[in-house]
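Structure, as structure tokens:
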Amino acid sequence: MPLDLSRSQALFAASQEVIPGGVNSPVRAFRAVGGTPPFIERGAGCRIYDVDGNAYIDYCLSWGPLILGHCHPEVVAALQETLSRGTSFGAPTELELRMAQKVIDCLPSVEVVRMVNSGTEATMSAIRLARAYTRRSKVIKFIGCYHGHHDSMLVRAGSGATDLGVPDSPGVPAAAAAGTISIRYNDLEGVEAAFREYGSDIAAVIVEPVAANMGLVLPQPGFLEGLRRVTREHGALLIFDEVLTGWRVAYGGAQAHFGIDPDLTTFGKVIGGGLPVGAYGGKREIMSMVAPSGPVYQAGTLSGNPLAMTAGLTTLEVLGRPGNFERIVALTERLVAGLNQVLERLDLPYRAASIGTLFGLFFTTERVVDYETALTADTGLFSRYHHAMLRRGIYLAPSQFEVGFMSLAHTEAEVDATVAAAEEALREALG
Ligand SMILES: *Cc1c(COP(=O)(O)O)cnc(C)c1O
């Protein structure tokens with residue numbers, strides 16, 4: 001049963017004339033799996049509907065933010081109420097205070113928080129702040145971790161344990177990337193070596209506490225604790241990039257799950273409930289350096305926008321009600337257990353995994369602990385699987401190196417239907 005995507009194909013062709021690659025963010029173009037991305041007309045609950053009338057159970061959820069599903073009635077009602085009073089004032093509102101208090105309630109490491117408009121802005125600002133606070137210039141990041149598209153974080157993964165930055169994209173000045181040290185994820189010894197060599201010049205270590213932009217890669221026991229210890233020893237800051245893991249790995253983020261107290265945390269995705277939001281926050285002493293309370297400049301015309309605050313606050317409120325987060329985790333675990341039964345039944349050596357409301361499945365027999373081992377995955381098999389799932393009405397993120405997301409709007413019935421579809425899709429993909 002081939003999928004009719006004729007209207008999507010026409011829209012994609014027209015979009016390619018006027019938008020780079022036809023999309024406003026590269027992954028949406030389906031280049032990693034091939035074919036035409038369905039153009040989406042609407043979403044409701046755990047489903048999205050494309051312009052050709054196809055329906056899909058959605059495990060991408062706008063790349064994570066929609067943890068309540070599409071058009072949650074309370075989010076829609078709250079947005080309509082806010083909308084009727086105006087969309088933006090560029091002046092302080094009570095909503096921003098409530099959002100800051102909410103974030104601080106959820107994460108003990110955060111005493112002061114600044115809202116921005118994207119995850120990219122959040123990490124860019126946190127790194128600027130870390131450099132100002134420590135009066136140092138270098139930043140350690142991990143190969144395969146994504147922290148947005150600003151210059152200093154677009155650095156190619158090099159060979160060897162550590163590599164001084166080489167820009168990952170034309171247009172990034174060598175100088176902007178030169179301050180970035182890239183180290184393999186889970187390589188604590190590499191971090192220690194970098195600190196031995198450049199210690200007094202390293203402002204911060206930025207890490208996805210659960211790596212989720214190269215597929216799902218968990219921190220090895222002791223890795224995050226080690227980062228906390230080494231940064232303290234050397235007077236550098238530890239920045240947890242929880243743009244993806246915040247309110248996903250646990251309600252209080254990966255830092256709650258692993259019991260780590262970072263100096264700064266960056267947020268995005270769920271905190272905006274589907275509207276454009278990011279945030280960064282942390283210790284009062286550090287955050288008090290941000291303008292206008294301090295000299296580190298950072299601003300935004302639409303930062304703390306009332307609609308964005310409303311969607312985010314309502315999402316966090318609903319998600320925080322007793323049992324809701326646990327329910328999404330249980331659905332995620334049910335899906336992974338079902339997928340693993342299928343993989344066993346088909347005598348395949350791969351296993352799905354989850355943490356909190358995130359799940360992943362690598363088509364490799366290697367134990368994936370970093371980018372290099374992630375790259376051993378069979379991307380051809382993933383592409384065939386992805387399209388076979390799409391034809392069965394299951395929408396997965398279009399790359400082997402993305403994670404899956406669960407929402408409160410999914411039910412056991414949809415999860416079980418997904419497992420059944422996966423069995424057929426895998427048989428088909430294996431030929
Ligand atoms: C998505 C993501 C970002 C970038 O957020 P945008 O809102 O896309 O700019 C940064 N860090 C992590 C860990 C992310 O997953």
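The values are calculated or read from the model by the stated rules, or taken from the named source; none is laboratory data. Owing to the predicted nature of the structure, the values given are computational and were not obtained by experimental measurement. With ideal geometry, Cβ positions are generated from the backbone for all residues, glycine too; neighbour counts draw on all protein chains shown. What goes into the accessible areas is simple: the full protein's heavy atoms, side chains included, and nothing from ligands, DNA or RNA. Shrake-Rupley method; radii C 1.70, N 1.55, O 1.52, S 1.80 Å.
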| task | Would you please classify the overall shape of the stretch 1-155 from the alpha carbon gyration tensor, given that a ≥ b ≥ c denote the square roots of the eigenvalues, rounded means a/c under 1.5, and beyond that prolate means a/b larger than b/c while oblate covers the rest? | result | oblate
| message | Only bridges whose two residues both fall in the chain count here: according to DSSP, what percent of them are antiparallel, nearest 5? | response | 60 percent
| query | Amide H to amide H under 5 Å from Ala211: which residues, 5+ apart in sequence or cross-chain, H placed 1.01 Å off N in plane? | reply | Val217
| task | Taking DSSP loops as anything outside H, G, I, E and B, show the longest stretch in the chain free of chymotrypsin sites (Phe, Trp or Tyr not before Pro) there with at most 15 other beta carbons within 10 Å. | result | 90-296
| query | Once the Cα gyration tensor of the chain is found, what semi-axes does its equivalent ellipsoid get, as square roots of 5 times the eigenvalues, in whole Å, sorted largest first? | reply | 33, 27, 21
| note | Note to self: C-alpha centroids of the stretch 67-136 and the stretch 295-309 sit apart, in Å, by 8 Å
| field | Heavy-atom accessible area per residue - the chain, 1.4 Å, Å² | value | 41 Å²
| message | About the Cα centre, and with charges only on the beta carbon of Lys, Arg (+1) and Asp, Glu (-1), how big is the dipole of the chain? Nearest 20 debye, please. | response | 640 debye
| field | Among Ile67, Gly294, Leu107 the positive-end extreme of the charge dipole of the chain (Cβ point charges) | value | Gly294
| query | Rounded to two decimals, what ratio of Rg to Rh does the stretch 216-364 give with C-alpha atoms and a Kirkwood Rh? | reply | 1.05
| said: Could you work out the pair-distance distribution P(r) of the stretch 1-51 from its alpha-carbon pairs, with 10 angstrom bin width and percents rounded to whole numbers? | reply: 24, 53, 22, 1
| note | From the Cα centre of the stretch 407-431 to that of the stretch 360-374, the distance in Å is 22 Å
| note | Candidate cut points under GluC sites (Glu not before Pro) in the stretch 178-250, DSSP loop plus at most 12 other Cβ atoms within 10 Å of their own Cβ, are none
| remark: Projecting the Cα atoms of Ala122, Ala212, Val277 onto the charge dipole of the stretch 73-319, where Lys and Arg contribute +1 and Asp and Glu -1 at Cβ, the residue farthest towards the positive end is Ala122
| message | Rounded to the nearest 20 debye, what is the charge dipole size of the stretch 73-319 about its Cα centre when +1 sits on each Lys and Arg Cβ and -1 on each Asp and Glu Cβ? | response | 320 debye
| request: Calculate how large, on average over all directions, the projected area of the Cα convex hull of the stretch 269-354 is; give the answer in nm² to one decimal. | output: 9.0 nm²
| said: Sorted from largest to smallest, which semi-axis lengths in Å does the alpha carbon gyration tensor of the stretch 73-319 give for its equivalent ellipsoid, taking the root of 5 times each eigenvalue? | reply: 31, 18, 17
